[in-house]
Amino acid sequence: MSFRARHLLGIEHLTQEDIGSLLDLSDSYVALNRRDMKHSDALAGLTQINMFFEASTRTQASFELAGKRLGADVMNMGLQASSIKKGETLIDTAMTLNAMHPDLLVVRHPHSGAVNLLAEKVNCAVLNAGDGRHEHPTQALLDALTIRRAKGRLHRLRIAICGDIAHSRVARSNILLLGKMENRVRLIGPPTLMPAGIADWGVEAFDDMAEGLQDVDVVMMLRLQKERMDGAFIPSEREYYHRFGLDADKLRNAAEDAIVMHPGPMNRGVEIDGTLADDINRSVIQDQVEMGVAVRMAAMDLLARNLRAARQDEGVMV
Ligand code: NCD
């Protein structure tokens, strides 16, 4: 296993080999999750705390299920209602939890960089479950696993990421991962929703769906992240759907066997046509959810191995 890191904070520092190891182990967890008996003891005796400073449905459920299937003691803390206005609050909360001896901390936070900061303060493994617009590494890994299983490979593919790129940590982590694996990534969206400095990202940018989707193997749609918009970025949702919403008609520009992805939650009729999202011949959206549990099991399993090894080196009892 090549993955030797202490934390999983982003895709940025992973190598091709790390990504390969994580996905290979994830495949074995997909198989386990399809059995009646879904338990393993990879995290037995360990404590996992899920700290979500921002609302989440699938990511939190997925991490919780992943931890439980691996035998960890899992505690969920929904912190979005509490005061998170000051950086101090985050660190104080982290220090309080740290005193309870958790082994894995899964953290989602609305501020980019908050999870990295927290990781410096605690002595357990930290997993980033999404920080602001920065990174969402397990989402990119589950997307990669979905693509690898659907397409039989994860290199030399044409992949379009469409919509609200500017506010999306999912897009950022995916661009990093897919680039590392030597794919050709295209970004499609209105110029107002394209991040600054895109020229340095090694991607091609389009503001026309028909043009950008030409012959792509994978179409990844993104939600309009209204909660991160301060002002009007689009004329109206109707206009947006007309130009950038994915429907069967626009999809005809892509390769005949192109797959359609969305990280969820979806706005049907805003960024994607509901019938297309449910079309099991094209859409792999439900597969993404399934892969999510397996990827999180693999990530926590590998981090726990690294944690145990580090503690053994330090002579701490585990
Ligand atoms: C994404 C997120 O939270 O960044 N959702 C998710 O984790 N499944 C994308 C989104 O909120 O649109």
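Quick notes on this one:
- Inside region 2-21, residues that are within 16 Å of residue 301 (Cα to Cα), assigned to a loop (DSSP other than H, G, I, E, B) and more than 16 Å from the chain's Cα centre (by Cα) make up a count of 5.
- Test: residue in region 150-158 that is assigned to a helix (DSSP H, G or I) and touching a residue at least 12 places away in the same chain (Cβ under 8 Å): yes
- Checking residue 255 against (1) modelled with pLDDT of 95 or more; (2) in a helix (DSSP H, G or I), the condition it does not meet: (2)
- Residues in region 241-252 that are in a loop (DSSP other than H, G, I, E, B) and either away from the ligand (no atom under 16 Å from the Cβ) or among the aliphatic types (A, V, I, L, M) (or both): 2 in all.
- Scanning region 181-199 turns up one or more residues that are away from the ligand (no atom under 14 Å from the Cβ), basic (Lys, Arg) and in contact (Cβ under 8 Å) with a residue 12 or more places away in the chain.
- Long-range neighbours under 6 Å by Cβ, at least six apart or interchain, first residue more than 11 Å from residue 271 (Cβ to Cβ) within region 207-230, second within 16 Å of the ligand (Cβ to nearest atom) and part of a loop (DSSP other than H, G, I, E, B): 228/167
- Filter result (within 16 Å of the ligand (Cβ to nearest atom), among the polar types (S, T, N, Q) and over 16 Å from residue 125 (Cα atoms)) within region 1-59: 56, 57, 59
- Selection from region 255-281 of residues that are among the hydrophobic types (A, V, I, L, M, F, W, C) and under 24 Å from the mean Cα position of the chain (by Cα): 258, 259, 260, 261, 266, 270, 272, 276, 277, 280
- Reported count of residues in region 258-276, each being part of a strand (DSSP E or B) and in contact with a helix residue (DSSP H, G or I) (Cβ under 7 Å, 6 or more places away or on another chain), is 4.
- Residue match in region 277-291 (condition: part of a strand (DSSP E or B), crowded, with 21+ Cβ neighbours inside 10 Å, of a type in the set (Val, Ile, Thr) and in contact (Cβ under 8 Å) with a residue 24 or more places away in the chain): no
Condition check ((1) of a type outside the set (Asp, Glu); (2) away from the ligand (no atom under 16 Å from the Cβ); (3) surrounded by fewer than 23 Cβ atoms within 10 Å (Cβ to Cβ)) across all residues:
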residue	(1), (2), (3)
100	yes, yes, yes
122	yes, yes, yes
127	yes, no, no
134	yes, no, yes
141	yes, no, no
153	yes, yes, yes
158	yes, yes, yes
162	yes, no, no
171	yes, no, no
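- Region 204-232, residues that are surrounded by fewer than 20 Cβ atoms within 10 Å (Cβ to Cβ), within 24 Å of the chain's Cα centre (by Cα) and hydrophobic (A, V, I, L, M, F, W, C): 205, 206, 229
- Any hit, region 293-302, residues being at pLDDT 95 or above, of a type in the set (Asp, Glu), within 30 Å of residue 71 (Cβ to Cβ) and within 16 Å of the ligand (Cβ to nearest atom): no
- Selected residue (only one of 41, 24 is surrounded by fewer than 22 Cβ atoms within 10 Å (Cβ to Cβ), under 13 Å from residue 299 (Cβ atoms) and not polar (S, T, N, Q)): 24
The values are calculated or read from the model by the stated rules, or taken from the named source; none is laboratory data. On a predicted model such as this, the values are computed, not experimentally measured, just so you know. Virtual Cβ from ideal backbone geometry, glycine too; neighbours counted across all protein chains shown.
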